[in-house]
Every structure is written in C-alpha cells, then in structure tokens.
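Data block below; observations after.
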Amino acid sequence: MSMTDLLNAEDIKKAVGAFTAVDSFDHKKFFQMVGLKKKSPDDVKKVFHILDKDKSGFIEEDELGFILKGFSPDARDLSVKETKTLMAAGDKDGDGKIGVDGE
Ligand SMILES: [Ca+2]
C-alpha cells in the first residue's frame, strides 16, 4: 500500500507544493488539500500506518518530522517548530506520540 493508492497524486503534489517555505506548514489545510478529510476512517487509518514507519502503532516525534516525505518522497522535512506544533495538535493525551485514534 502506498500513499497514491489512497490519495490522488495530483492533490498530494499541490498540497506539498503549497508548504515549501520553512515554518509555513498548516496541517489542517494540508490534510484538506491531500483529500484526507473526505476519506473514510478506514482509509485514514491506512494513511496513518504508512506514516508510522516503525509500525509502533504511534507516530512519534521523529516520524512526524518526515511526515511530508511520507506523502511525497521529494518533499522537505518539517522544521523543529512545525514538528512540535503538529505534535501538540495531534497528541491529545500528552504522551509525546500520536495514536491512530488521535490519542
Ligand atoms: Ca512509530
């Protein structure tokens, strides 16, 4: 399973291209642009599992920094600031990692 099996390659390209400037990443806009908002919970889980590189069941901070590369191999890494902002938004229970159910 690859990201383009789940999401439209053109949408991914546009979304990645919209946030090429460092510290411009807006995860809400990004997830909307790649079409994730329109996906079923099952498909969202599949996307999550692609981003969970070590298959731990969680997206840890080091994986989060490479989240754009999970969508497109030639995308940039997130800055430390962007990674921390995204972690704070996704980590509802404050354990320093993001679970598949948004924990
Ligand atoms: Ca992981």
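Averaged per residue, what accessible area in Å² does the chain show with a 1.4 Å probe, protein chains only? Mind showing how you got there, number by number?
Values: 6000 Å² over 103 residues.
With the other protein chains kept in place, the chain gives 58 Å² per residue.
Mind listing the long-range amide H neighbours of Glu60? Cut-off is under 5 Å, sequence gap 5 or more, other chains count too, H placed in the peptide plane at 1.01 Å from N.
Long-range HN contacts for Glu60: Ile98.
Could you tally the net charge around Ala88, taking each other residue with its Cβ under 13 Å from the Cβ of Ala88, Lys/Arg +1 and Asp/Glu -1? The partial results should precede the final answer.
Working: positive: Lys81, Lys84, Lys92, Lys97; negative: Glu61, Glu82, Asp91, Asp93, Asp95.
Result for the neighbourhood of Ala88: -1.
Taking R0 as 22 Å, what's the FRET efficiency between Ala18 and Thr85 from their Cβ-Cβ distance, rounded to 0.05?
For Ala18 and Thr85, the calculated efficiency is 0.85.
Using a simple spin-label model with points 7 Å from Cα along the Cα→Cβ vector, what separation in nm is obtained for Lys69 and Met1?
Result for the modelled spin labels: 2.2 nm.
What share of all Cα pairs of the chain, in percent, falls into each consecutive 10 Å distance bin?
Computed distribution, short to long bins: 16, 53, 31, 1.
What percentage of the solvent-accessible surface of the chain, computed with a 1.4 Å probe over protein heavy atoms, is contributed by carbon and sulfur atoms?
Details: 3260 of 6000 Å².
About 54 percent, which is the carbon plus sulfur part of the accessible surface.
Between Lys38 and Asn8, with labels modelled 7 Å along Cα→Cβ, what's the label distance in nm to one decimal, could you check?
About 0.5 nm, to one decimal.
The values are calculated or read from the model by the stated rules, or taken from the named source; none is laboratory data. Given the structure is predicted, the values throughout are model-derived calculations rather than measurements. Note that we place each Cβ from the backbone using ideal geometry, even for glycine, and neighbour counts take in every protein chain shown. Remember, those area values only see protein heavy atoms, side chains included, never the ligands or the DNA or RNA. Shrake-Rupley method; radii C 1.70, N 1.55, O 1.52, S 1.80 Å.
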